[in-house]
1. Where the only charges are on Cβ atoms (+1 Lys, Arg; -1 Asp, Glu), what is the dipole of region 1-135 about its Cα centre, to the nearest 20 debye?
2. Skipping prolines and chain starts, which residues have an amide H placed within reach, meaning under 5 Å, of the one on Lys33, given they are 5 or more residues away or on another chain?
3. What are the semi-axes of the equivalent ellipsoid of region 187-388, taken as the square roots of 5 times the eigenvalues of the Cα gyration tensor, listed largest first and rounded to whole Å?
4. Can you work out the Karplus-derived ³J(HN,Hα) for every residue in region 224-238? Use 6.51 cos²θ - 1.76 cosθ + 1.60 with θ = phi - 60°, whole Hz, and x for glycine or proline.
5. Considering every pair of different Cα atoms, what Kirkwood radius, in Å, is found for region 317-390?
6. What do the square roots of 5 times the Cα gyration tensor eigenvalues come to for the chain, in whole Å, largest first, as semi-axes of the equivalent ellipsoid?
7. How much length would be gained if the chain were fully extended between Glu263 and Phe14, taking 0.36 nm per residue of separation minus their Cα-Cα distance, in nm to one decimal?
8. Carbon and sulfur atoms: what percent of the 1.4 Å accessible area of the chain do they account for?
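The values are calculated or read from the model by the stated rules, or taken from the named source; none is laboratory data. Values in this document were obtained by computation on a predicted structure and should not be read as measured data. Reconstructed Cβ throughout: ideal geometry from the backbone, glycine too, with neighbour counts over all protein chains shown. Heads up: the accessible areas ignore ligands, DNA and RNA and are worked out on the full protein's heavy atoms, side chains in. Shrake-Rupley method; radii C 1.70, N 1.55, O 1.52, S 1.80 Å.
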Amino acid sequence: MNNFTFYSPTEFVFGKGTEMQTGELVRKYGASKVLIVYGGGSVVRSGLLERVKQTLAQTGIPCLELGGVQPNPIDTKVYEGIDLCRREGVDFVLAVGGGSVIDTAKAIAAGVPYEGDFWDFYIQKATVSSALKVAVVLTIPAAGSEGSGNSVITKVSTLQKMSLRAPELLRPRFSIMNPELTFTLPPYQTAAGIVDMMAHIMERYFTNTADTEIADRLCEGTLKAIITEAPRVMADPKDYGARANIMWSGMIAHNGTCGVGNEEDWASHFMEHEISALYNVTHGAGLAVIFPAWLTWMASHHVEKVAQYAARVWDVPVSEDLKAMALEGVARLKSFFTSIGMPVNFAQLGVEHPDIELLVEHLHANKGEQVGCYVRLGRKETREIYEQAL
Ligand code: NZQ
Ligand code: ZN
């Protein structure tokens, strides 16, 4: 196990009706003027936005709104939010929504006190040294941004989808997680969220670090819980218990717990981010296509941990033929994704003829000549994995 620092100060307030505590939590964390950020309208239709505004009104803390954040959020909305906050003297950004809304809120929070272009943070030209406070009312378990210090934004003019990591400053002060708020999710978004959280665990699981027993078991156990709860939630979107387990799994998957002490991989995420940047697909659906392709490639190039994963997560019988075990594990993963309505190849994702040369070019231009850690992947290898996903 490697040395690590694990610091995760977010206050999680979980359960039925918890959004009614928003105002009091905003006051507790010292806000004097709040920007509420939300998406394309689901929180308006469900009445959640109105309820949140009422709890803020009861505290007397003034608030403004910025709606219209789109999935795969873009830089132009961030600039709009930064201008608004500066003009109005906002000191607290409250995201009411999913990963796209939260990541936009984080980008705004980092951008307001910075004199340069906020995009500098996403291309490693600058590091975040101060930020407005951020908090969350979560409506979809998927990206895990409610517990992470990360933000992922796409720059429209260059189609670069890049991430920023600033856990000290951008982890939400509090995250309200009421599973009932996820009852209205369309099945496709529920399923894509399930894939995304599984991917967050697997990115951490596939490591060459030795002596990761505790991390391995946390990963395997959380994956098994998700695999058990997913069919329940797909069958009955209003099953509170299943929704609750899935919602908390999404947080556990990405707040760092599952990977402490590990060298993590993240090649599949980088490869997917290029797909969603170019073709604007749902992130989790893109991962359902890329992760099995990555695992299949690994079965031929670095099989050990893939075989362990097949045995422990997918109950594949242990044998001496590690490659056969690994491939059976991948087959079970794919049939699980198919069972919840997710695509497992480019055509099913709606991208009939992906421009693989362009994906490879963008990937390595944006993320470096080599990506991943379990096996370091150059252009030849990432091209083979994209081709595997056809
Ligand atoms: O925009 P509205 O109308 O709210 O609709 C959203 C959106 O269309 C809808 N939705 C959300 N909650 C709902 C709901 N519809 C009905 N009822 C509800 N309760 O779902 C759609 C997707 O929302 P989005 O916020 O895009 O989902 P998600 O949480 O999956 O976020 C995806 C984004 O997060 C990034 C992804 O790349 C993608 O851009 N990621 C962020 C990470 C992070 N910050 O740590 C890590 C991840 O790996 C990921 O890359
Ligand atoms: Zn993800």
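1. Numbers: 13 positive and 14 negative charges, 75 e Å.
Once rounded to the nearest 20, the dipole reads 360 debye.
2. Placed amide hydrogens put Asp91, Phe92 under 5 Å from Lys33.
3. Details: eigenvalues 116, 91, 52 Å².
Ellipsoid half-lengths, sorted descending, are 24, 21, 16 Å.
4. So the J values, rounded to whole Hz, are 5, 4, 5, 5, 6, 7, 4, x, 5, 6, 5, 6, 9, x, 9.
5. Details: mean 1/r = 0.0699 Å⁻¹.
Kirkwood radius, region 317-390: 14.3 Å.
6. Working: eigenvalues 232, 108, 73 Å².
Taking √(5λ) for each eigenvalue gives 34, 23, 19 Å, largest first.
7. Numbers: separation 249, 0.36 × 249 = 89.64 nm, distance 3.03 nm.
Gain in length upon complete extension: 86.6 nm.
8. Values: 7740 of 15020 Å².
C and S fraction of accessible area: 52 percent.
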